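Comments concern the structure below.
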Amino acid sequence: MSHEAYEPETPHLDFQGTTPYEDYVKADVLTHLQHLLSDDPGEMVFLVTTQVMELWFTCIVHEWETAAKALRNDDVPTAMDALKRSIRELEALNGSWTPLAQLTPQQFNSYRSSLGEGSGFQSAMYRRLEFLLGEKSASMLVPHRGSPRAYAELEKALHEPSLYDEVLRLLARRGHPVPQEVLNRDVSQRYEASPGVERVWADIYAGDEHDEPARLGEALTDVAELVWRWRNDHLVATRRAMGAKPGTGGSAGVAWLEKRARKNVFPELWTARSHV
């Protein structure tokens with residue numbers, strides 16, 4: 001009997017043009033976006049890691065925009081599904097720091113000059129992520145004036161309610177006493193903590209932990225914790241690679257990252273726990 005009888009069936013390999021996989025994933029595009037500007041072999045992992053982070057930002061922004069839209073339509077299950085996906089995506093995003101976490105100053109300096117004035121501070125997709133968290137600032141649009149699409153998307157996100165705004169509006173529609181000044185606030189401004197919102201969350205957490213608002217609060221807390229871990233891991237990696245020197249692109253470097261790491265996302269979800 002021929003040995004061919006025992007061989008697994010060969011998949012279809014002959015395609016006209018590119019493969020269906022390539023048509024869907026665009027792998028050839030992705031794997032040829034790395035244009036190194038130095039001779040240092042370590043630059044490749046820095047560039048790829050940064051590009052991977054941008055892809056995760058894009059995915060997480062999609063999830064939070066999906067959640068915000070669902071909340072606007074009182075569809076909490078769809079919002080919860082999107083938030084839960086984003087939690088796993090944030091874990092993957094945070095894991096992206098691993099290849100860069102132990103960079104020494106000498107290693108980073110070997111290709112740092114290739115960045116020129118480039119800085120992660122200038123990432124348009126990361127800025128959209130921060131806007132969805134309520135960290136709004138019109139000045140953050142300025143670096144993107146030369147990129148019409150990025151500028152338009154950021155301007156739209158600036159003037160739309162954040163994910164947290166939509167959560168608080170949902171709670172108000174369900175009878176929770178969210179202060180009117182919070183509901184009617186200028187959503188293009190940075191969200192500031194409210195004692196009234198803190199009391200709303202304290203009441204929710206004092207009730208049935210299986211109720212929808214409490215489960216929504218915990219999903220948001222998971223998101224907030226992972227965002228804090230992202231910021232802290234960024235701080236530690238930067239401190240290890242360059243100490244307290246100014247960052248690329250004129251940013252304050254570690255000093256700015258330290259300030260960001262101290263700031264809570266969805267602040268009342270944390271402070272309310274002291275009153276339960």
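For this structure, a couple of remarks:
- For the stretch 11-67, fraction of C-alpha pairs farther apart than 14 Å, in %: 70 percent
- When the solvent-accessible area of the stretch 164-276 is split by element, carbon and sulfur atoms take up 49 percent of it, the probe being 1.4 Å.
- Eigenvalues of the alpha-carbon gyration tensor of the stretch 121-189, scaled by 5 and square-rooted, set the equivalent ellipsoid semi-axes at 27, 10, 9 angstrom, largest first.
- The HN-Hα couplings worked out from phi for the stretch 262-267 by the Karplus form 6.51 cos²θ - 1.76 cosθ + 1.60 (θ = phi - 60°) are 7, 8, 7, 8, 6, x Hz, whole numbers, x standing for Gly and Pro.
- Value of Rg to Rh for the stretch 1-99 (Rh from inverse mean 1/r over Cα pairs, i.e. Kirkwood): 1.18
- Once the Cβ-Cβ distance of residue 81 and residue 173 is raised to the sixth power relative to R0 = 30 Å, the FRET efficiency obtained is 0.90.
- Heavy-atom accessible surface of the stretch 113-155: percent carbon and sulfur, 1.4 Å: 52 percent
- Computed over Cα pairs, the Kirkwood radius of the stretch 13-170 leads via Stokes-Einstein (1.002 mPa s, 20 °C) to a diffusion coefficient of 119 µm² per second.
- Base-10 log of normalised Debye intensity for the stretch 86-125 (one unit scatterer per alpha-carbon) at q = 0.21, 0.31 Å⁻¹: -0.88, -1.02
- Ranking 128, 85 from most to least accessible surface, computed with a 1.4 Å probe over the protein chains only, gives 85, 128.
- Accessible area (Å², per residue) of the stretch 35-170, counting only protein heavy atoms and a probe of 1.4 Å: 49 Å²
- Cβ-Cβ distance of residue 10 and residue 52, R₀ of 51 Å, FRET efficiency by 1/(1 + (r/R0)^6): the value works out to about 0.95.
- Computed from the Cα positions only, the extents of the stretch 143-276 along the three principal axes stand at 48, 35, 22 Å, in decreasing order.
- Take each peptide in 36-44, 21-29, count the other Cβ atoms within 10 Å of every residue, and average; sorted highest first, the result is 36-44, 21-29.
- Bins of 5 Å, starting at 0 and running to the largest distance - Cα pair percent for the chain: 1, 5, 10, 14, 16, 14, 12, 9, 7, 5, 3, 2, 1, 1, 0, 0, 0
- Among the helices of the chain, those built from whole DSSP H runs whose Cα atoms reach 20 Å or more along their own axis and whose mean Kyte-Doolittle hydropathy is at least 0.5 are 43-72.
- Cα-projected label distance for residue 107 with residue 263, points at 7 Å along beta-carbon direction, nm: 3.0 nm
- Measuring nothing but protein heavy atoms, the accessible surface of the stretch 5-83 at 1.4 Å probe radius is 61 percent carbon and sulfur.
The values are calculated or read from the model by the stated rules, or taken from the named source; none is laboratory data. The model shown is predicted, which means the values in this text are computed figures rather than measured ones. No Cβ is skipped: glycine too gets one built from the backbone with ideal geometry, and neighbour counts run over all protein chains shown. For accessibility, only protein heavy atoms count, side chains too; no ligands or nucleic acids. Shrake-Rupley method; radii C 1.70, N 1.55, O 1.52, S 1.80 Å.
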